[in-house]
Each structure stands twice: as structure tokens, then as C-alpha cells.
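The block underneath contains the structure these notes are about, expressed in C-alpha cells.
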6 protein chains.
Amino acid sequence: MSDTRVPSGIAGLDSMISGGFSRGSANLVEGAPGTGKTTLAMQFIYNGITKYEEPGLIITFEEFPLQYYHDALQFGWDFKDLESKGMLKVVFSDPQTTLTEFDKIDGQFVSLVEEMGIKRVAVDSMTHFESMLIDQVELRDLERKFINSLKREDVTSILLRENDSLLGQVGEVTSKIPFIVDSYILLRYVEVDSSIDKALLVLKMRGSDHQKDIRRFKIGGHGVEVEAKFSGREGIMSGITRHSPQDAFVDAFGKK
Amino acid sequence: MSDTRVPSGIAGLDSMISGGFSRGSANLVEGAPGTGKTTLAMQFIYNGITKYEEPGLIITFEEFPLQYYHDALQFGWDFKDLESKGMLKVVFSDPQTTLTEFDKIDGQFVSLVEEMGIKRVAVDSMTHFESMLIDQVELRDLERKFINSLKREDVTSILLRENDSLLGQVGEVTSKIPFIVDSYILLRYVEVDSSIDKALLVLKMRGSDHQKDIRRFKIGGHGVEVEAKFSGREGIMSGITRHSPQDAFVDAFGKK
Amino acid sequence: MSDTRVPSGIAGLDSMISGGFSRGSANLVEGAPGTGKTTLAMQFIYNGITKYEEPGLIITFEEFPLQYYHDALQFGWDFKDLESKGMLKVVFSDPQTTLTEFDKIDGQFVSLVEEMGIKRVAVDSMTHFESMLIDQVELRDLERKFINSLKREDVTSILLRENDSLLGQVGEVTSKIPFIVDSYILLRYVEVDSSIDKALLVLKMRGSDHQKDIRRFKIGGHGVEVEAKFSGREGIMSGITRHSPQDAFVDAFGKK
Amino acid sequence: MSDTRVPSGIAGLDSMISGGFSRGSANLVEGAPGTGKTTLAMQFIYNGITKYEEPGLIITFEEFPLQYYHDALQFGWDFKDLESKGMLKVVFSDPQTTLTEFDKIDGQFVSLVEEMGIKRVAVDSMTHFESMLIDQVELRDLERKFINSLKREDVTSILLRENDSLLGQVGEVTSKIPFIVDSYILLRYVEVDSSIDKALLVLKMRGSDHQKDIRRFKIGGHGVEVEAKFSGREGIMSGITRHSPQDAFVDAFGKK
Amino acid sequence: MSDTRVPSGIAGLDSMISGGFSRGSANLVEGAPGTGKTTLAMQFIYNGITKYEEPGLIITFEEFPLQYYHDALQFGWDFKDLESKGMLKVVFSDPQTTLTEFDKIDGQFVSLVEEMGIKRVAVDSMTHFESMLIDQVELRDLERKFINSLKREDVTSILLRENDSLLGQVGEVTSKIPFIVDSYILLRYVEVDSSIDKALLVLKMRGSDHQKDIRRFKIGGHGVEVEAKFSGREGIMSGITRHSPQDAFVDAFGKK
Amino acid sequence: MSDTRVPSGIAGLDSMISGGFSRGSANLVEGAPGTGKTTLAMQFIYNGITKYEEPGLIITFEEFPLQYYHDALQFGWDFKDLESKGMLKVVFSDPQTTLTEFDKIDGQFVSLVEEMGIKRVAVDSMTHFESMLIDQVELRDLERKFINSLKREDVTSILLRENDSLLGQVGEVTSKIPFIVDSYILLRYVEVDSSIDKALLVLKMRGSDHQKDIRRFKIGGHGVEVEAKFSGREGIMSGITRHSPQDAFVDAFGKK
């Protein structure tokens, strides 16, 4: 891990993280179903290729590559074309194979990374590692081993993880990965005025400063767009915001 | 899954989901007892047949077809008649058989879908898959396999699932299906002024934009009718709303 | 189940449920100890006999018939007399026997129902089925089987169930019966101004519209009396109400 | 159980329960440590003897009779003297023996009740039955059997039960006894203005009307004294009250 | 246990408990780490020796006597000196030995108490009894047996117990000891205006009246000092106080 | 443990703890991922060497020393250089070895401490001890044994521990270490106005007074900087603060 920044190219996000992720870092992105984890990961890979000339690898454990091509195309990202140009590889695999082939010096993933000059990796998702073992201590070892093998290849990675919490208060971490990775980003649903907004939050960023704002974001026609803070609202991380009292007074009586 | 829209024909719902579900998509609808899951599914099938000429299939694991004929007739939907015209099939089955006969190329359900030209499927309910196995990893595999076999037939499906939460705060997902499906709709009870209203919410919609409003809905004489947002209310997803403070001030003192 | 209404004859309740329960329907009534479940069930049976000439059957798994005679008499309902006239039967049984004798064509309960022309049945309580088996899937099957056998006899039934929640927020259903029955009524304790009121709520009513109000009710000299909504109160289903803010302002400053 | 009232002789309590408990009824009193359960039970027995000439029996499973003599004397109740006059018996026993000797026609407790003409019984406490068995269904049977044997002797009983909740919200019943007994009284700690008050609440009273107020009570020099409701307070059953908003306005600005 | 009072000599505490603990009573003091349990117990023993000429015994299951000497000296209490004068004994032991040697007539602890004329005992802490057995019923028996053996020696004891709750709402008792002992004192952390205060609360006091105030206390240069109530605050036992609304109005607008 | 203070050299912290930790004390620092535990520990060691000439030892169970060199350098702390000068040692080990080699008189860690004249130790993290054993009683013994062996060497130590709670209310301690150590410091995330702040809190400090403030802190260019209290905020330890009502009034209407 070095101090060079690896920009995500995602509007609003890079400015929160000092211009980008650290080169060679492992970055955890967690969210409930539909919060946009996969979109964010695809965008990180796509921008890496098209804006920064960094070849990318997407490893998927559940969806077929076809689904990725289709979903990416919704945002105008032609993954098939990038694959044909040798800049992208979308691989359907399983956690055990992925672990093994990243761990061995001549493993398939190691070879792939080296041959293609892969600089960015997205893993969708770390949740599937949890189905391999029951023992929590062994699981942590295994996750750390995998993350270390990514770092050995000096790739900058986004590791997705499913978060079961739809709208409840942010409570406990449900995995030990947040303690191991270099940064930890949470995507959350938030109720605001009888609507469901999305919030993005950088909780951890090792070795550099970062913005602590809880930001609104949306999935627009060009992917993830990170917007401003939630103003006049309290309790955002409870999932169900309330008007801050000042805001309520001002709304009712006008500003002093 | 393609980008053509498959309208539900349900007042207010289609406008929330860009005109309809994606053709070939699997769509999860969850709710507590009495929230109207089955009505919504029957309506999707009925409208498919009568408004869009798309033959439909209802697979039920607990109620007999007779109950469906009866309940549908309350809304003026003559399911027996549609069955006699070859446009509808209501089948009482079990999860294991359903899985097998959708998975094999010459399976009974596959044949049925192809012979009748079925375009829409409703499954009532996915909850019964959970009684087949205890291992959560195996269950997820099985659910994904079933959903994939539906997609292979290019039918647009509504998958119902029972949600045990009556009025508590929306907390964690209680199944992994929301992570697998293309869209996820929640039906909820909500306390408003000493009454119980119903709320509909589209939490996830893959590959297209959708409205994030939490909408009131009711079961009227013609089925589900999706209405406006809850105005002047906070905490809707907590199950027990409260007046937003502005609303309370305005109510008491009049508008500024 | 048909669309004819079977009135409970309980003041205020029938108007909430379009005039009564559906003929042949199974109706679940849940409540904490002392909320008045048994009174409501006895009243449904008593009114059936005396107002609508429908013979009734009460099946009890814990209390002896003597207790019922005694309790009913408090409200002026002479159950012994009705039994002597062949219009009522109070039977002490157990879940297994009840299940078996309702399931066989020539079962004792089936015979009883047919000989006496029973039209209404009360079961006190479904909770005791839960002591028969541990497996939740088997239990659901068994409960559904029992409910189906009641429907086969075309009796309209009230099924009582104990709810352990005294004053906490209405949270999750604690049984799968609410998903199986035709209607689901909750009786709840509610704290209001340093007193404990009772609230009645119809959460589900299959095949017909119903009022969604959360209503105050009391056990008076003539049994259950359903009264008006809780006005000026929020959080009723949390068990511990609070003044709605408007109400509080008005109380303190007078109405605008 | 008959409709004659058996007064507790406790100031404020009898007026809440139509003059007293039903003759022959079993009455559950639950509370956290230090709420005054034992005092209330001793007072019921003492008043029975000295005010209503009804001999009494106290069965204890943990404390020795000496402790009772001592504690009673604090309130000026001379238990030793009453024992010597044949009006009172304090017995140290265990649940199994108690159950057996109340169940047999010539059991020791049955004989004792009949010989002394016992009319009131206090059991301290039902909690110890829970250490006999693990199976919840068997436990319920056993508790019901015990309660029935008390009723067969036509004694009016107060059954104490320990409640582990110190100040949390009244949530679920932690035993099935509330469903079996004729009345259910809760003693609770309540935080009010940086002090801990005590609250008494009659949740259930079979076969007669009762007051639903949540009342303040204290343990004074003469035992339990039930006082007025908590005025100007909300959330009493949450354990931690808050000022009702009106009360707060009035306090700050004076009454309109 | 007699009615003579045994003063703790702790400023503010004795006035809450009618001048002191009952002679011969067992008194439970519970608190989170750092709340000052051990300081309170040492002070009770130290004051007993120096102010009331009652020799004292401290039994410790985890810390060595040296730590006690050191910690006591911080408050100016010279425990080594008191030991040399035969007025104090600090013993490092284990629960099993303690139990046995207090239970036998010629047990080591019994002999020690009788030889030294011990009047006060502190046990640090009862929590370690919980590591001896898993069965809750056996544990309760054992704890009661131990408490009874202390009472047989007519010593007045303070029994410490660790409470895991740092700042959450006071909920359930986590042991059965509160039901057995003569008094029950809680030490709690409380958040007030972005600081952590300490609160002391006497929940139970058998056989005598006591103050029910929730009092602020601190650990000063001379040990525990119990101060006044928390004024203008609500929700103290929730761990996180809030301004009472009146207080807030007054703060903002001045007093009426 | 003596009464000499061992300053952390961290801005704002030493003034909270009477100038520093007690010489020879064991000090627990707990926090969620990303709160800055490791930075605080490194800073304590770095300042010890460079400001107070106390050689330091860092024991790590998961990260390699290289990661520490890298992370320290971000703050301008040249750990490699300090190692070369014999003032610092960063050791990668495991809990079992660490325990053994600190426990034996001629153990490797004991030798290292004595040879280098180590005065300060940081352990990253105690959490890994929890993966050695399942039995809680044995674990506590082991942790105490380890802490005692540190004290025997008279080193002042900072023991890190992972806390899984991200933003929920501070509830129960999740380990028994807080009861064993000499001081207990919590690092917490706190939501304030749609941002995530960090809070530092000294909950326990044996043998000396300390400030009870809940303080804001940040990780700046020179490490941890402890700032002022959170003013105008309530509920800080709930993780999600709210404006105190006065503050809200003042904000809306101006100060009186």
C-alpha cells in the first residue's frame, strides 16, 4: 500500500477520500440489497480502465458475467468491448478457488493479474466467504489471507459485502473484515419525508484523512453520484431521520 | 431479462417503476399477514391476461385453487373462466416439485409454460422453500436456482414472501432472496392517528430507476390501489408514525 | 367460506367488519392475559344462539366447563340452560383428540356438529397446539389441517390464541396462524394517562373490506363493548401512548 | 370461586378490585426485588386474621419462618402470637412437597387447611416451581394442577412471583401463570424526577370489573398503602416516566 | 438481623438508609467497571474500624491484598497498619473455600471472625461464584447458603457484584442475589451534558424505610461522597439523561 | 503500580488523566474499526521514546511490522529509525506465545523488556486472546495472568481491544477485561449534524481522579488530538446525538 491515490472517478466520492483510495489498498463497501454496491464497484473498474488506463478484474460468486454486461450497459458501459480489448476480465468463480488461485505464486488469478497488468479488482461479494466455514476465528484468518494476497499483487480492490440491515439503526459490525481492511464505506437506506433516500459514509480510511460527512447519493443514468449532506435532519444513522428541532421551528415560523 | 417493461396494470404502481417490471425479471413482494400480497399477485396475473394478453400461471403451496377463484371473484376477476379459455393456470404444488419441474428441460412446469405461452408467473409463497432445508447456504443456492430457471423461461414473476413483522421497525432482511431478485417491494402496516394504514415501498429495482416514495395503498373493490405519500408524518418505516413537528405547529397555530 | 355475514352481535365490532365474519371463516383473536379473549368468544357463541338461532360449540383445553358456566353467568348468559336446550355444547378436550375427531368423517366432533347443527365454534385456545410438536413446519401443517376441517363443516369459528406481550410494541407474529386464517383480531393493553385501556384492532380480513381503526373497548356488564378510536394520541401500538403534539398544544394554550 | 369478595384490607387496593378478591380465587402478584411482594402477602394474611377472622397459611420456599416473624413485626404484626392462637401457620416447604400434599385428599396441607379452617393462603414464591422442571408444557400443567388444588379447598390465595425486570418497559409475560390465575397484579419500579417510585397495577381480574389505574404505592409503617394515579406523567409502564407535554408547558408558563 | 443500624460512615449514604445498614444484614452493591464498588466497600470497612471500633474482614477473589493496601492508601486509609493492630484482615481466597470455611462450625473463616471479633465483612466479588456452577438453581442455593452463613455469624456484609451494563437502560436483574439479600444498591454511569456522572440508588432495603432518590455521587480524595438528586433531568436510569422540558424552557426563556 | 504519572504526550488526553497513566498500570483502549486505536497506541509509544526517553515495545497479532512502519510514517514517526537505535521493538507474535514468554522468568519477552529497558508496551489487540479459548472463566484467568505479568515487569501498557459497536448505544461490556485493568478508555463514533465525529471517554481510572468529560477528538497530521466537550448536544453515548432543547430554542429564536 502506497500513498499514491487511485481515484474512483465517482462524482463526489474522490473528494471525500483525499482524491482516491490508496494504491494497493483493500476497501470494503457494505450495503443492503439495492443500495448500489455492484454499481459502485463496476463504476470503479470502468473508470479505472477508461479514465486512468488501469486494467480491471471483476470476480463474481453468484451472478453470471452476462448479468454484469447487461447491468453495465444500462449506464452506457460496454464491458464486452473492454474485455475484447484486454482491459477487463469478468470471472465467475467461487471463494475457495479464488483464495487458492490468488495465494499460489503461479495461481490462475496471480497469472491473470500479471499478464493483463490488472491494477483494480472488484469482488462481489465477500459474503460468500462466510458460507465456507463456521468457525469465526478461521474465517477471519482466511479473509485476512485473501486480502493480503491482493495486496501482494499491489492491486487496489473494492470488496463488496451484503449488509442485512434495511433501515434499522447502524449497530454492530457483522463481520471482522472492517477491522482488517484499509477503508470501510457504508451504503444505507434512510427514510426522509415519506421517501427512501440513500446515504454514503466513509467510516474508516487508513493512513489518510477523509471527510466524515454522511452524504446523500443516487444511482443516476451514469452510475453513482454522491451529493451533499442531509441538512436539517437528525438521526440519519438510525435509518429513520427526524427534523432537527431548529429546522422544524424555522419551517413553521420563519427564520429569525 | 430485457429492458421492455411489463406493466402490472395496478393503479399507481407502474408509475413508480418506470412503467412496469423488466421483462423476464424476478420480483419479490413481502408483507405481513393481511397486507394484500396475494391480491397484488392475482391482480398482476389478471391484468396480464385481460389487458396485455399475456397468459399467466399461479403456483400455490398452501391454499387450494378454489380459494383463489373465490378470492379473485371478490374483485370481479373470473379465474375459472380465464382457465377455461387457456389463459390462466392455478396449480397447487410443493416447493420440491416446483423446483424440479422448472429445472428440467422437459419438466412439467417448463412444458406448461411453453405450451400455454405463459408470460407471467406468481409464486405463493417463497416462504415454503424455507421449510425444505435448514442450511442457509444450501437454501440460498436453491432459491437462486429456482429464480434462474424462471428467468430461463423468460417469464416475469412475482414471488411472494411472508414477513413476520406486524408493526415493528423495518430491521434486517430475514432471507437472502432480496439480494438475488431484480426488485424488492415491501408492503407494511403503519399506525396513523389511531388507525392502521398500509404502505408500499420499492426498495430495489435492478437496471432501471424507480420512485423512492413510501406510498399509502388500499385494497379496494378493484384490488390494490397505490395512493400518495404520507404527508406531514415521520417514522413511517418504524411502523408507528408521528406527526412531523412542523405539521404539529401548523395544526395548532395555523400556517405562517 | 361464503360471503354471507355472521354477526358477532358485539356492539361496535360488527360495523368494523362489514356486518360480521364471513360464513365458514376461521377467525383468530389474540391477546395478553386478561384482555378479554374468552369473553369475546363466549359472547360470539351466546349471541349466535340467542340472537341468530345458530347452535354453538366451545372447545376448551385448560379450563373446565364449570368455569365457563360461572364466568358466562357474570354477564347474564346462562350456558347450562342453553346446553339443556341442545343449543350449546361446552367440551373439555385436548388438541390431539380435537384434531383427530374433526378430521375423520365419522369423528366425534364431526358427528356432534352435524347432529346439533352447530354453526359457530370457539376454540380456547390454539396456544395448546403449540405444545404438541416442536417442529414449526409440522405445526403449521397441523394448524392448517385443523382449520380446513372446521371449514369443511362450514362452521364460523373464533380461534383464541394467547399473546405473551403485555405492553411492548406490537412486533412480530409469534405463530404462522395469522397467515392461514381468514381474519386476525388483536386485543391489546394500552397505557393512557396513568391508566390501562384496552384496544381492539382488525389487522386482516380476507375477502371483504374492514375498518382499520384502533378502537378502545371495555368489558362491561354485558360483555365486550367496542368504543371509539383513541383521539389525540400517538403510538398506540407501542403499548404506551403519548399525546400527539397538537393535542398537547391545544391542551396548554387552547384551540386556535 | 364465588362472587363473595375477600377484602385484602390494604388501603386503596380493595377499592380497585370491587371490594376484594373473589372468594376461592388464585391471585398472582409479580414484582422485582424490593417492590414489596412479601409485605403485601403478609398483610393480606394478617388482615384476614385480625379484621375478618379468616385463618391464614403462608408457605415459603426460601426464607425461614423466623425471617417472616421479624419482618412482620416491623409493621407491628405479631405472627408468633397469631400462630400460638391457631389462626396462622407459617410453613417452610418445597414446591414438590407442597404440590403433593395439596393434591392428595389426605395430604398434609389439605389436612392443615381443613383442621385450622384456613381461608387465605400466601405462596412465596411460584418462582421456585420453575426450578423443578425444564419443559414449559409440563410446568404449566403442574402450576395449573397446584392452582386447582388450592381452589378445591376454596381458599383465596395470593401467589407471589419474582419479576426480573427492574426498570425496563413492561414487555412479555415470563411465565404462563398469568393466563391461568383469576387476577394478575404487577408491582413496578418507576423513575419520577430523579427518584424511584412504586406503581401497582391490576392487569387482569376474572369475573368482575376492576379499576385500570396505574397507582403510586408505598411501604409505610403499616404496610402497603396504595395512593393516587401518576398525574402529569406519560410512559409509566416504560419504567422511566416523562412529563406529559401539557404538564411541561403549564409548569413553565403557568396554566391558561 | 436486628434493627440496630450499622453506619457506613459514608457522607450522604447513611441518611438515605435510616442511619445505616441493619446489623447482621447482607447488602448487595452492583456496578459497572470503575463505578467505585471496591472503594465503597473498603470505606465501609475502614469507617467501621476507625469510627465505630468494629473489626473488619475483606475477602477478595481476584486482586491481591497488596493492591488493596495501595488503593486504600490513595484515600489515606492505612490498611497495613490496621492489620497489624488486629482490627482488619484482607484475605485472598476463592469462592469454594470461602463457602466451605464459612459453613463449617470450625471453619477457618468462622474461627477468624470469632477470634478477631469481626463485625463487618466485604466480599469482592460475588461475580466469581457464578464461575463455579452453570445450573442457575444450584447457584441460587449456594449463594443463599453463603449469605445465611454470614448472617449466622451476625456480621454486617457488603457483597459486591459486577454489572456489565455501562450506560444502557437499567433492565433485568442478571442474578438472583437481589431477591435474597436485605438491601440492593446500584451504582450507575449517567451521561449528563457531554460528561459521565455517577448515580447511586437504593432499590431495596428490607425491614426499614429508605430514601428513593437517585443521587449523584463522586469518588473524591476521601472516598465516596453521595450528593444531591439530579435536578432538571429525566431518564436517569436510561443511562443517557435528557433535560426535562420545563428545565429546557426555563433555560431558554427564563423562569415565569 | 505506583503513583508516578506516565504521560501519553497526546494533546488533551494527559490533562484528563491527572497528567498521565499510573506507572506500571494496564490501560484498556476500546473502539470500533477506524476509530484510531492503533494510532493512539503508536503515539503513546512514540512519545514515550522521543519525549520521555522510555523505550517501547509493540506486540501485534495480525498486522506485520511493515504496516506499522508505514502507518507511523504518515504521522512523521520513523519507527525503523527508532528500532535501529534500540529504543523500539515491533514484534509480530500470537497470544499463546506472548502469554508464555511474558510469564516465564527467562521468557523471551521478559528478557527483551529487561535487556532493552522497555518502559511502555502496546498490545494490538487483546481481541485475539478471545480466539484461544471458549470458556469465559478460563479466558478471564488468562487475561488477568497476562496483565499481572506486564505489571510484574513494571511496564505501563496500552491494551487495545476491538469493539463491534459502530454507532449503537453504549450498552454492556463485551469482555471482562474492563473489570481487571487500571483504566478503561472508550473511542466512539458519534453522529452530529449529518457527520460522523469521534468521541473519547475515560470510564475508569483506578487510584486517581480523572475528568469525566465526553470529548471530541480527531486524527490529524500529528496523530490523536483530544478537543473540547460536545456542547449543546444530548445522547452522545447513544451514538446518534440530538440537539439539547435549549440549544434548539436558542438557535431558532436567539438567546434571551
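A few remarks follow.
- Any hit, region C:232-255, residues being over 20 Å from B:GLY168 (Cβ atoms), at the interface with chain B (Cβ under 8 Å from one of its Cβ atoms), at pLDDT 90 or above and not in a loop (DSSP other than H, G, I, E, B): no
- Among the residues here, C:ARG188 qualifies as part of a strand (DSSP E or B) and out of contact with any His (no Cβ under 9 Å at 6 or more places or on another chain).
- Cβ-Cβ contacts under 8 Å between residues 6 or more apart (or on different chains), taken from a first residue in region A:208-221 that is hydrophobic (A, V, I, L, M, F, W, C) to a second residue that is at pLDDT below 90, are listed as A:ILE214/A:ILE236; A:ILE214/A:MET237; A:ILE219/B:ASP209.
- Some residue of region B:184-194 being at the interface with chain A (Cβ under 9 Å from one of its Cβ atoms), under 17 Å from B:LEU40 (Cβ atoms), surrounded by 19 or more Cβ atoms within 10 Å (Cβ to Cβ) and under 12 Å from the mean Cα position of the chain (by Cα): yes
- Of the residues making up region D:163-174, none is within 15 Å of the chain's Cα centre (by Cα), within 8 Å of chain C (Cβ to nearest Cβ), under 18 Å from C:VAL190 (Cα atoms) and surrounded by 22 or more Cβ atoms within 10 Å (Cβ to Cβ).
- Residues that are within 14 Å of chain A (Cβ to nearest Cβ) and not aliphatic (A, V, I, L, M) within region F:1-33 comprise F:GLU30, F:GLY31, F:PRO33, listed in sequence order.
- Considering residues of region A:195-230 that are surrounded by fewer than 18 Cβ atoms within 10 Å (Cβ to Cβ) and either within 7 Å of chain F (Cβ to nearest Cβ) or within 14 Å of the chain's Cα centre (by Cα) (or both) only, the residue nearest to A:ALA26 (Cα to Cα): A:GLU225
- Of everything in region F:38-76 that is in contact (Cβ under 8 Å) with a residue 60 or more places away in the chain and within 10 Å of chain A (Cβ to nearest Cβ), the residue that is nearest to F:ARG161 (Cα to Cα) is F:THR38.
- Lone unmet requirement of (1) at pLDDT below 90; (2) farther than 28 Å from B:LEU203 by Cα; (3) touching a Lys or Arg at 6+ places or on another chain (Cβ under 9 Å); (4) not charged (D, E, K, R) for A:VAL181: (1)
- Matching residues in region E:147-176 - criterion: being among the β-branched types (Val, Ile, Thr) and modelled with pLDDT of 95 or more: E:ILE147, E:VAL155, E:THR156, E:ILE158
- Flag not set for B:GLU138, criterion: acidic (Asp, Glu), closer than 30 Å to C:ILE214 by Cβ and without any contact (Cβ under 8 Å) to a residue 40 or more places away in the chain.
- Listed by first and then second residue, the pairs with beta-carbon distance under 7 Å, at least 6 apart or on different chains, first residue in region B:81-96 and farther than 16 Å from B:LYS119 by Cα, second of a type in the set (A, V, I, L, M) and surrounded by fewer than 21 Cβ atoms within 10 Å (Cβ to Cβ), are B:PRO95/B:MET132; B:GLN96/B:MET132.
- Among residues of region A:231-241, those that are within 22 Å of A:LEU28 (Cβ to Cβ) and among the charged types (D, E, K, R), counted: 0
- The condition of being β-branched (Val, Ile, Thr), surrounded by fewer than 22 Cβ atoms within 10 Å (Cβ to Cβ) and closer than 29 Å to F:SER93 by Cα holds for only one of F:ILE158, F:ILE180, that being F:ILE180.
- Scan region F:84-133 for residues that are among the aromatic types (Phe, Trp, Tyr), within 14 Å of chain A (Cβ to nearest Cβ) and out of contact with any Leu (no Cβ under 7 Å at 6 or more places or on another chain) and the total you get is 1.
- Residue match in region D:196-211 (condition: assigned to a strand (DSSP E or B), touching a Pro at 6+ places or on another chain (Cβ under 6 Å) and of a type in the set (D, E, K, R)): yes
Residues checked against (1) under 30 Å from E:GLN136 (Cβ atoms); (2) charged (D, E, K, R):
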| residue | (1), (2) |
| --- | --- |
| D:PHE75 | no, no |
| D:PHE79 | no, no |
| D:LYS89 | no, yes |
| D:PHE92 | yes, no |
| D:THR97 | yes, no |
| D:GLY117 | no, no |
| D:ASP124 | yes, yes |
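The values are calculated or read from the model by the stated rules, or taken from the named source; none is laboratory data. Not measured: the values here are computed from a predicted model. Note: ideal-geometry Cβ built from the backbone for every residue, glycine included; neighbour counts use all protein chains shown.
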